[in-house]
Amino acid sequence: MKFLLFTISLLFISFGLGVNKNSLVEIFPAHFPEPTYDFEKNPLNQETITLGRTLFYDPLLSKDNSISCASCHSPYNAFAHTDHELSHGINDQTGTRNAPGLFNLAWQSSFMWDGAVNHLDVQALAPLTSQSEMGEDLISVINKLQNSPIYPELFTKAFKDSMVTGEHLLKALSQFQLTLISANSKYDKVLREEETYTPQELNGKRLFEKNCNTCHVQPTFSNHEFKRNGLELDFTLNDYGKFNHTKLAKDSFLFKVPSLRNLSYTFPYMHDGRFSTIREVINHYTDGLNDKTSSSQELKEPIRLTSDEKTDLVAFLLTLNDEEFVFNKKHHYPLEILRIN
Amino acid sequence: MKRALFFLISLHTCFTIHSQSQSLGIEFTIDNKPLEIGKKIYSTSLKDSLQIDAFRFYISSVTLFNGKEKVCSLEQTHLLIDAEKKETTSIKIPTEKEFNLISFQLGVDSITNSTGAHGGDLDPMNGMYWSWQSGYINLKLEGSSGVCPTRKNKFKFHLGGYSYPNNSLAAVSINIPKGKEKVILIPLDSFFNNADLTTLHSVMSPGINASRLMKIIADSISCEG
């Protein structure tokens with residue numbers, strides 16, 4: 001195990017030196033399943049990751065150059081937007097959904113809370129063009145990039161071709177996001193036999209595996225499916241989840257099962273950020289299910305937990321916080337490229 | 001000089017084809033008259049004043065046959081045809097062999113729709129990709145009509161949808177008559193006869209209307225020799 005970690009860090013260190021494209025796939029944790037992302041169609045390389053990282057932090061991507069991806073996906077919040085229930089956009093607008101944390105995306109096969117996006121590469125188009133988020137259009141972004149003093153060179157390095165295209169822009173953003181891997185929490189370290197749980201955490205794990213594990217499947221802590229979780233409709237948003245884009249009655253109120261990693265950094269919770277604490281979320285599942293008859297099968301049998309058990313469950317969930325991920329400078333603002341004017 | 005440039009360009013675009021090629025033009029009509037983008041016309045058969053501002057669509061998997069025998073398929077799997085851009089309305093056929101049937105799909109197939117970002121004609125920067133939900137716009141038809149009860153009489157059809165039950169990809173298979181100059185004809189009359197602009201003037205998402213209208217256009221495509 002130590003050897004694997006060593007290999008991982010070695011790979012990270014050697015990033016700057018130019019690494020064989022496909023060897024980067026080895027950064028994926030040994031205790032994770034095979035990624036679903038097809039790396040053959042977009043092989044990772046350090047130049048493209050750097051380009052993607054620069055784009056991710058550059059407000060140039062929004063219509064008035066005020067909002068970047070990182071505005072709602074901050075590295076210090078595990079790439080979510082702590083303390084903001086709904087995403088923000090240009091002109092002080094507020095969106096309709098809670099910006100989720102971004103990590104372990106190579107294991108996801110659909111994106112957005114309602115799964116309206118089918119591939120990581122095309123996900124960025126949604127916030128980029130949403131009027132209440134970045135409010136831009138792709139052609140305009142590409143013009144700005146082509147006329148920028150830094151991007152033509154970054155694109156040339158990344159794609160051996162100075163052409164700034166939509167395809168390259170999107171693939172670079174994917175590459176950076178694919179490197180956002182959270183697999184160094186206490187939970188992971190216990191799996192690697194580097195640390196041990198406290199009795200409380202261990203009891204919490206037992207309760208988790210009895211009550212939550214069907215949807216929040218380890219080690220990514222999501223089965224990446226869509227479930228009806230008994231939340232009452234917020235009439236100020238009228239968000240029907242997956243139904244919004246499929247228009248099929250069977251899809252109403254279906255929302256994506258989110259990962260439970262990094263919960264301390266990503267509050268508030270749920271698709272509309274209605275709960276601010278983990279305890280509130282657990283209370284919803286034990287006592288607050290609005291309509292048991294229409295909840296997904298997994299929630300038909302009520303979850304019963306004593307107050308002490310809830311505390312233990314929270315203790316286990318906190319072992320999923322990955323501080324190394326959150327403070328990993330490789331993912332932070334590329335100060336060396338994007339100078340603050 | 002110009003000639004040399006032209007030669008270089010053609011050499012570049014069909015470097016695998018060499019001299020053995022022919023072309024298949026695409027023409028658009030309303031009332032049997034050539035379609036002019038951005039020009040208001042009066043259609044006597046439709047009894048309507050019409051202006052088309054944009055007509056763009058994808059064709060994919062172009063394959064040529066002679067009888068039952070496959071002659072060739074185009075190397076480029078997806079072509080974006082834009083009625084406003086002359087250079088897109090002629091399909092280069094990489095063979096000199098005879099063919100009497102052409103088959104293609106109007107739109108983009110589901111695999112291409114679900115495998116991330118693509119380049120060239122499929123680059124989302126071409127404006128033929130939805131952003132709020134994944135998927136290519138197979139066909140865009142925008143303009144205005146006297147019967148359209150909308151602001152500035154505008155209509156907007158962005159037709160797409162790649163998955164069940166809203167798959168709008170439409171198959172086209174047409175006979176090619178003998179002759180040197182072969183032209184694929186896309187008349188829009190049938191579309192406007194069936195769309196009923198008085199009630200339906202905006203389709204911007206996958207659904208029954210998108211699939212139905214795609215099929216109407218696909219079925220009206222023919223070839224003249």
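Kirkwood hydrodynamic radius of the stretch B:83-164, from the reciprocal of the average inverse Cα-Cα distance over all distinct pairs: 15.6 Å.
Per residue, the Cα convex hull of the stretch A:182-241 amounts to 129 Å³. In chain B, the C-alpha radius of gyration followed by the widest Cα-Cα span (Dmax) gives 18.0, 54 angstrom.
Note on A:Leu335 and A:Arg304: the extension gain reaches 6.2 nm, defined as 0.36 nm multiplied by sequence separation minus the Cα-Cα distance. Dividing the alpha-carbon radius of gyration of the stretch B:146-218 by the rule-of-thumb value 2.2 N^0.38 Å gives 1.33. Modelled this way, with points 7 Å down the Cα-to-C-beta line, the labels at B:Leu185 and B:Thr29 are 0.4 nm from one another. Any idea what angle helix B:208-220 forms with the longest principal axis of chain B, computed on alpha-carbon atoms, 0 to 90 degrees, nearest 10? Helix B:208-220 sits at roughly 50 degrees to that axis.
Charge dipole (Cα centre; +1 on Lys/Arg Cβ, -1 on Asp/Glu Cβ; no other charges) of the protein assembly as shown amounts to roughly 1120 debye. Taking the square roots of 5 times each eigenvalue of the Cα gyration tensor of the protein assembly as shown, largest first, gives ellipsoid semi-axes of 48, 29, 22 Å. Chains A and B together bury roughly 1500 Å² of accessible area, counting both sides, with a 1.4 Å probe on protein heavy atoms only. Name the lysines eligible as straight-distance cross-link partners of B:Lys85: C-alpha to C-alpha under 16 Å, and not fewer than 8 places from it in the same chain. Excluding near neighbours in sequence, the set is B:Lys39, B:Lys140. Convex hull volume of the C-alpha atoms in the stretch A:256-341, normalised per residue: 136 Å³. Farthest towards the positive end of the charge dipole of chain A, among the residues A:Phe79, A:Phe226, A:Gln175, is the Cα of A:Gln175, using unit charges on the Cβ of Lys, Arg, Asp and Glu. Considering every Cα-Cα pair within the stretch A:37-177, what fraction, in whole percent, is farther apart than 27 Å? The answer is 16 percent, as a whole percent. Among the listed pairs B:Lys156/B:Lys180; A:Lys189/A:Lys300; A:Lys205/A:Lys247; B:Lys40/B:Lys215; A:Lys144/B:Lys92, a Cα-Cα separation exceeding 32 Å is found for B:Lys156/B:Lys180; A:Lys189/A:Lys300; A:Lys205/A:Lys247; A:Lys144/B:Lys92.
Rg and Dmax, both from the Cα atoms of the stretch A:185-335 and both in Å, are 16.7, 52. Could you tell me how many degrees, from 0 to 90 and to the nearest 10, lie between the Cα long axis of helix B:2-13 and the main elongation axis, the longest principal axis, of the Cα atoms of chain B? Helix B:2-13 sits roughly 80 degrees off the main axis of chain B.
The values are calculated or read from the model by the stated rules, or taken from the named source; none is laboratory data. Since the model is a prediction, treat every value here as computed from it, not as a measurement. Here Cβ is always computed from backbone atoms with ideal geometry, including for glycine, and neighbour counts include all displayed protein chains. We work out accessible area using only protein heavy atoms, side chains counted, and drop any ligands, DNA or RNA first. Shrake-Rupley method; radii C 1.70, N 1.55, O 1.52, S 1.80 Å.
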